[in-house]
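Peer 1: I'd like to ask you about the structure that follows.
The values are calculated or read from the model by the stated rules, or taken from the named source; none is laboratory data. Note that this is a predicted model, so its numbers are computed, not measured. Note that each Cβ is placed from the backbone with ideal geometry, even for glycine, and that neighbours are counted across all protein chains shown. Only protein heavy atoms, including side chains, enter the accessible area calculation; ligands, DNA and RNA are left aside. Shrake-Rupley method; radii C 1.70, N 1.55, O 1.52, S 1.80 Å.
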Amino acid sequence: MIRIFSMLVGAFFSLALLWSAGKGTVAYISEPPAKTVESEFHQHPKALSLSSDGAFGKFDRQQLQRGFQVYSEVCATCHAIKQVSYGDLRELGYNEAEVKAIAAKAQVPEYNPATGEVKQHPGALKDHFPPVVYGGAGSPPDLSLIAKARHGGAAYIYSLLTGYADQAGYKNEKGEELLKKFPDAKTPDGLFFNPYFANLNIAMPQPLVSDGQVSYKDGTKASVDQMAQDVSAFLVWTAEPKLEKRHQTGWPVIGFLIFATVLAYMAYRTVWAEKKGH
C-alpha cells in the first residue's frame, strides 16, 4: 500500500512539472519577453592581444611601465590598487632607487592601535598603495584585481576605455539606431554612454580623451589606443603578478604528472601480469 501511494505521489509531481514546463514553453512562444536595450546594444569586448596571453605568455616590462605611468597620471586620482605594494614595482623592471622614489611621493596612512590615531608617513617599499578618497559621484572600484573580476579581463578594460561614444545616432551591428528603437533609453545627466558597460551608462567620464595625454619616457607614441592597451596590460599584472612563474612551473609539473602516470600504468601491468594473463 505504501509503495502504491509513493508511486501515485511521484506521478502527481511528475505530471505537475510537465504541465508547468509545457505551459511556460507555450507562454514563451506565444508571448516572448520584450527585448531590452542592453540585450540589443551591449557590445562584447574587442579583440586584444598581449604578450602575457597564452600558456607561454610573458610580460612586456616596457609596456608594464608605460601602463603604470598611465595609471599614475590618469587613473590614480579615482582608483586605488591597494593589493599592490611599492616593492612589487621592482617586478616591472624598476631598480630599487626608482621604486623608493615612487613610494616616497605618496603619503600612506598608518593606524596606531594604542592611541587610535591615524598618521601619514612617506611610502616605503613595504607599504601598499594607499586607498583613494573620492569625493565625486559613484564608488570607483579598486583596480588591483579588476582584470580577473570582469568577464573579458584585459579586453574588457581596453574596450571600456576606448568605447565611449555619442549616444545620438548610435547604431548596433544590425544597423538599428538606439534612440529610435528605445526612445526612453537616453543616458541620464551625470552618466556617460559606453556600449561596453553592462547597462550602457557609466558614471566614469572618459579618462583617455586625446593622444599625447601622457608623455611616455621610452618615446612610444601615446595614442589613446596605445595608452588603453598599456594600462590594460598593467592591470593584468596587478591581478596576476606571479603569472610568469606559474607558467614556468606549470609545464614541468605537467611533464612530471605525465611521466608518473605512464610509470604507474607500467607498474600496474607488471604487478597484475600473471593474474590477468598479460
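Peer 1: Could you list, ordered by first residue, the pairs with Cβ atoms under 7 Å in which the first is in segment 193-215 and touching a residue at least 40 places away in the same chain (Cβ under 8 Å) and assigned by TED's automatic domain parsing to the domain that holds ASP230 and the second is part of a strand (DSSP E or B) and crowded, with 20+ Cβ neighbours inside 10 Å, at least 6 apart or interchain?
Peer 2: If the second residue must be part of a strand (DSSP E or B) and crowded, with 20+ Cβ neighbours inside 10 Å, the pairs left are LEU200/PHE193.
Here's the yes/no breakdown for (1) among the acidic types (Asp, Glu); (2) surrounded by 14 or more Cβ atoms within 10 Å (Cβ to Cβ); (3) at pLDDT 80 or above; (4) on the phi > 0 side of the Ramachandran plot:
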| site | (1), (2), (3), (4) |
| --- | --- |
| VAL9 | no, no, no, no |
| GLY24 | no, no, no, no |
| TYR28 | no, no, no, no |
| VAL37 | no, yes, yes, no |
| ARG61 | no, yes, yes, no |
| CYS75 | no, yes, yes, no |
| VAL84 | no, yes, yes, no |
| ASP88 | yes, yes, yes, no |
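Peer 1: Looking at segment 98-143, which of the residues that are among the basic types (Lys, Arg) and closer than 26 Å to ALA233 by Cβ is least open to solvent (accessible area, probe 1.4 Å)?
Peer 2: Just the residues of segment 98-143 that are among the basic types (Lys, Arg), to begin with: 100, 105, 119, 126.
Remaining after also requiring closer than 26 Å to ALA233 by Cβ: 100, 105, 126.
Numbers: LYS100: 108, LYS105: 172, LYS126: 153 Å².
If we take residues in segment 98-143 being among the basic types (Lys, Arg) and closer than 26 Å to ALA233 by Cβ, then LYS100 is least open to solvent (accessible area, probe 1.4 Å).
Peer 1: In addition: Could you pull out the residue among PHE56, PHE68 that is in a loop (DSSP other than H, G, I, E, B), farther than 30 Å from GLU173 by Cα and among the aromatic types (Phe, Trp, Tyr)? Steps first, please.
Peer 2: Values: PHE68 fails: in a loop (DSSP other than H, G, I, E, B).
Only one candidate qualifies: PHE56.
Peer 1: Could you tell me which residue of segment 93-137 is farthest from LYS82 (Cα to Cα), considering only residues that are over 28 Å from the mean Cα position of the chain (by Cα) and of a type in the set (Val, Ile, Thr)?
Peer 2: Only one residue tops the list, namely THR115.
Peer 1: Inspect segment 88-95 for any residue being free of Cβ contacts under 8 Å to residues at least 12 places away in the same chain, closer than 18 Å to GLU240 by Cβ and assigned by TED's automatic domain parsing to the domain that holds VAL236 and give the result as yes or no.
Peer 2: Start the filter on segment 88-95 by keeping residues that are free of Cβ contacts under 8 Å to residues at least 12 places away in the same chain, which leaves 90, 95.
Pick out the ones that are also closer than 18 Å to GLU240 by Cβ and you get 90.
Those left that are additionally assigned by TED's automatic domain parsing to the domain that holds VAL236: none.
Looking through segment 88-95, none of the residues is free of Cβ contacts under 8 Å to residues at least 12 places away in the same chain, closer than 18 Å to GLU240 by Cβ and assigned by TED's automatic domain parsing to the domain that holds VAL236.
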